[in-house]
Amino acid sequence: MNIFSHILGFPRIGSMRELKFAQEKYWNNEIKINDLIYIGKKIRKKNLKIQKSSGLDFVCVGDFSWYDHVLGNSMMLGNIPKRHINLYKDKIDINTLFGIARGAYYNKNFSHASEMTKWFNTNYHYIVPEFSKNTSFKFIWKQILEELDEAINLKFDKIKPILLGPISYLWLGKIIDKKKFSKLELLDKILPIYKNILFELEKRKINWVQIDEPILTLDISKRWLESFIYSYNYLYNKNSKILLTTYFGDISHNINTIKNIPVHGIHIDYINSKHNINVILKNISKDMLISLGVINGRNIWKSNLKKIYEDIYFIKKTKRKYFLSTSCSLIHVPVDLSLEKNIKKSLMKKFSFAIQKCEELSLLTKSLKESNKEILDNNFSKSLEKKCLDKCFSHIKKNDLYRKSSYKIRRKKQKDSLKISILPTTTIGSFPQTKKLRDIRLQFKSNKIDLKKYNLEIKKYIKNVIKIQEKINLDVLVHGEPERNDMVEYFAQHLEGFAFTEFGWVQSYGSRCVKPPIIVDDIYRKKPITLKWTKYAQSKTNKLVKGMLTGPVTILLWSFCREDLSKSIVSKQIAFSLREEVKDLESSGIKIIQIDEPAFREGLPLRKKFVKEYLSWSIEAFKISSSVVKDETQIHTHMCYSNFNNIIDSIIKLDADVITIESSRSQLKLLNCFKKIKYPNGIGPGVYDIHTSNVPNINDIKVIIKKYIKIFNIKNLWINPDCGLKTRNWKEVKKSLKNMIKATKEIRDEI
Ligand code: GLN
Ligand code: ZN
């Protein structure tokens, strides 16, 4: 019996982020289009070779992308927002693609970028397709065929093209018409293009094509589910067989429909559906091939190949054909572990990045083919055998979770002790990260300057930031976060239990990559983290300085987590560490402390049935870190652009004294839920958008504040920008904040 191996996609950024650097140079006019195209070609060739030489049976094409694969699909279908097509008419090229992704000038008129949002529950962001009832589609961007021909010319065989499926594509997009309609109405217009592509693949003797339909793992309505039967009936191709590919979850809840979708094979995310595997296999017809995603594409730990071997040995005894694969595309893990030179040997043994995962998969497949378990790696050791710090979670006391008094009582005490005026003004924490500042951190890291010089420079920055805020006349000041490169990495570096890579980059969006810390051990705080700089800032002013921490949920979700402990337990370890930090800040006289949780909303599971569990541990973690303070100390939290509609109850449960959110873009829509529920605590909904370089004028800010006053109790309202200011420049920041203060003052005078 033959078992074949394949992955669902390889990272496209290049092991040294070659694509990122080439893109950015191209955007800065430092290289020509041909240079950029050449780099792309080189990366693709290397990726194909990696798959081949790892011993995988299939190699992928279609996983490469110039910015984002959903945008690539929009291009493929000719779905170009009107504002980006005017000049080009029918001629679209790579500049059209970058224009949609980043915004572009056409004859001095700026056409804004398409919206960007999270790809399911990952930290990857895609460009949201825009649909209108009369959107027309046309196959003009033929990247998929060109890259297929390129691979054929390079003499690769067993090539498996990858397409984002038509139904998931529609589901991921948004309607831009005023009048709503069902996106499924567009299906009949896009299916012929897919059909045409399948013909082209057939002509090139392609045996299997991977069509991604990850929405099959979600709770989707009957109407959406049934559209799969109809669509795949139409797309059916005898020779180029469709591998209907699902990931990020289980499909057993949709199995009654899925079993009737006429395709030749189905890929399932085995990591997330092990427990339901029998239900799935029982339902899917025996002559359908199953691809089992057994190697985790979402984390960096080596797989326990022997265990997987035993778990899936049954596939040898059935008549069905099987593929073995990764649970999802490997774009969610770094490229190559072997580049790392500074990671301890004992840890290196436990990690596996994209290249290593290909090798693991290939070895596993070989051992199953040959029924030879002995060849499997004996090196596997679990990420850590539960030696966790018991104080962290075994005996959480009620006191650990609740503030001493209710918000009402706290509010009165805080009012008396903080003496802040009505409509208090503040910022979200960071101030511009200038090139000079980044250079200083870099020089310190590479030992080019010593600690003394580094500290001096950071002090200088803080002193200056305080002076500026005093001059502008803000009410609650911040130290500006000059010591932080990244809000998660900084805390991870100052806590025990994390490891760091040098080249462990993962694409976040476009050319932007992140390097998540790795949780490799129990987490605890050895010594204070932010105390020094916060205290220094406070010593420079008589005004209140707000301490600034990254919250436990965000630190956890933006790191690679260990797998031998639940997220709930790991989050508590982080939470208790932060609790100590909060206590120290309070003891040293800091009266306001902000605990940022920008990842809180995005951590929400994809399926309703898992939501309760997530909210229970995430709320608990936040409360453990924040509840330690006395009534007079004010706890703030900040969350970035979030749709709070379904979780407003949980936001209330966090019981922060003040929440600042990013609502200036979505404005009233987002706030409606706060209004409906009569949000009881302090709130700063953000009076201007920091994501553009526009300086908001006084009047516009006044209009927004007045709107907010109508929605919220004025006594609860805070005035602030909608996010941190680190990506802006000083000129914009000063002007904007001045206008914010003036607008606030005028409103205070009017009321
Ligand atoms: N305090 C952080 C900052 O101002 C918050 C960042 C965020 O919301 N992502 O930069
Ligand atoms: Zn934010």
key: Members of segment 491-504 that are more than 19 Å from residue 341 (Cβ to Cβ) and either in a helix (DSSP H, G or I) or under 22 Å from the mean Cα position of the chain (by Cα) (or both)   = 491, 492
message = If I filter segment 662-678 for residues that are buried (at least 19 other Cβ atoms within 10 Å of the Cβ), at pLDDT 95 or above and either assigned to a helix (DSSP H, G or I) or more than 16 Å from ligand 1 (Cβ to nearest atom) (or both), do I get at least one hit?
response = no
Failed condition for residue 727, given (1) within 16 Å of ligand 1 (Cβ to nearest atom); (2) within 30 Å of residue 617 (Cα to Cα) = (2)
query = So which strands (runs of 3 or more DSSP E) stay within segment 225-301 end to end and still have 3 or more residues that are under 28 Å from the mean Cα position of the chain (by Cα) and over 18 Å from residue 328 (Cβ atoms)?
reply = none
query = Name the pairs: first residue in segment 539-558 and without any contact (Cβ under 8 Å) to a residue 60 or more places away in the chain and closer than 19 Å to residue 584 by Cα, second residue of a type outside the set (Lys, Arg) and in a strand (DSSP E or B), Cβ to Cβ under 8 Å, at least 6 apart or on different chains?
reply = 547/592; 547/593; 547/594
ask   = Which of the residues that make up segment 528-538 are within 26 Å of residue 573 (Cβ to Cβ) and in contact (Cβ under 8 Å) with a residue 24 or more places away in the chain?
value = 528, 529, 530, 531, 533, 534, 535
ask   = Only one of (1) touching a residue at least 12 places away in the same chain (Cβ under 8 Å); (2) closer than 25 Å to residue 196 by Cα; (3) not basic (Lys, Arg) is not met by residue 124, so which one is it?
value = (2)
query = Can residue 635 be described as within 14 Å of ligand 2 (Cβ to nearest atom), among the hydrophobic types (A, V, I, L, M, F, W, C) and within 21 Å of residue 406 (Cα to Cα)?
reply = no
request  = Say whether the condition of being assigned to a loop (DSSP other than H, G, I, E, B) and at pLDDT below 95 is met by at least one residue in segment 162-174.
outcome  = no
message = Every residue in segment 586-604 that is modelled with pLDDT under 95 and more than 15 Å from ligand 1 (Cβ to nearest atom), please.
response = 604
task = Please find, within segment 703-724, the residue that is farthest from ligand 1 (Cβ to nearest atom) out of those that are part of a loop (DSSP other than H, G, I, E, B) and crowded, with 16+ Cβ neighbours inside 10 Å.
result = 712
task = Taking residue 451 as meeting all but one of (1) under 30 Å from residue 565 (Cβ atoms); (2) among the aliphatic types (A, V, I, L, M); (3) free of Cβ contacts under 8 Å to residues at least 12 places away in the same chain, write down the number of the exception.
result = (1)
query = Hey, does segment 226-239 have a residue that's among the β-branched types (Val, Ile, Thr) and buried (at least 22 other Cβ atoms within 10 Å of the Cβ)?
reply = no
query = Do any residues in segment 95-113 that are without any contact (Cβ under 8 Å) to a residue 12 or more places away in the chain have Cβ atoms under 7 Å from those of residues that are outside any loop (DSSP other than H, G, I, E, B) and of a type in the set (Gly, Ala, Ser), where the two are at least six apart or on different chains, and which pairs are they?
reply = 103/111
remark   = Within segment 427-481, the count of residues that are part of a loop (DSSP other than H, G, I, E, B), more than 27 Å from residue 592 (Cα to Cα) and touching a helix residue (DSSP H, G or I) at 6+ places or on another chain (Cβ under 9 Å) comes to 3
ask   = Can you tell me how many residues in segment 689-718 are within 16 Å of ligand 2 (Cβ to nearest atom) and within 22 Å of residue 656 (Cα to Cα)?
value = 1
task = Sort out which residues of segment 642-659 are part of a loop (DSSP other than H, G, I, E, B), without any contact (Cβ under 8 Å) to a residue 60 or more places away in the chain and within 16 Å of ligand 1 (Cβ to nearest atom), and write them in order of number.
result = 642, 643, 644
request  = Filter segment 304-340 for residues that are surrounded by 23 or more Cβ atoms within 10 Å (Cβ to Cβ), touching a Ser or Thr at 6+ places or on another chain (Cβ under 8 Å) and hydroxyl-bearing (Ser, Thr, Tyr) and give the result.
outcome  = 325
Filter result (surrounded by fewer than 21 Cβ atoms within 10 Å (Cβ to Cβ), assigned to a helix (DSSP H, G or I) and more than 22 Å from the chain's Cα centre (by Cα)) within segment 580-619 = 580, 583, 584, 586, 587
task = Please specify each residue of segment 617-640 satisfying the condition of being among the hydroxyl-bearing types (Ser, Thr, Tyr) and within 16 Å of ligand 1 (Cβ to nearest atom).
result = 625, 626, 637
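Each row is one residue, and each column tells you yes or no for (1) of a type outside the set (S, T, N, Q); (2) under 24 Å from the mean Cα position of the chain (by Cα).
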{"site": "160", "(1), (2)": "yes, no"}
{"site": "163", "(1), (2)": "yes, yes"}
{"site": "180", "(1), (2)": "yes, no"}
{"site": "198", "(1), (2)": "yes, no"}
{"site": "214", "(1), (2)": "yes, yes"}
{"site": "217", "(1), (2)": "no, yes"}
{"site": "221", "(1), (2)": "no, no"}
ask   = Is one or more of the residues making up segment 679-702 touching a Lys or Arg at 6+ places or on another chain (Cβ under 6 Å), modelled with pLDDT of 90 or more and surrounded by 14 or more Cβ atoms within 10 Å (Cβ to Cβ)?
value = yes
remark   = Among residues of segment 151-164 being out of contact with any helix residue (DSSP H, G or I) (no Cβ under 8 Å at 6 or more places or on another chain) and not charged (D, E, K, R), the residue surrounded by the most Cβ atoms within 10 Å (Cβ to Cβ) is 162
query = Does at least one position in segment 640-653 carry a residue that is surrounded by 24 or more Cβ atoms within 10 Å (Cβ to Cβ), of a type in the set (Val, Ile, Thr), closer than 20 Å to residue 722 by Cα and more than 16 Å from ligand 2 (Cβ to nearest atom)?
reply = no
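The values are calculated or read from the model by the stated rules, or taken from the named source; none is laboratory data. The shown structure was predicted, so the numbers you read here are calculated from the model rather than taken from an experiment. Positions of Cβ are backbone-derived with ideal geometry, glycine not excepted, and every protein chain shown enters the neighbour counts.
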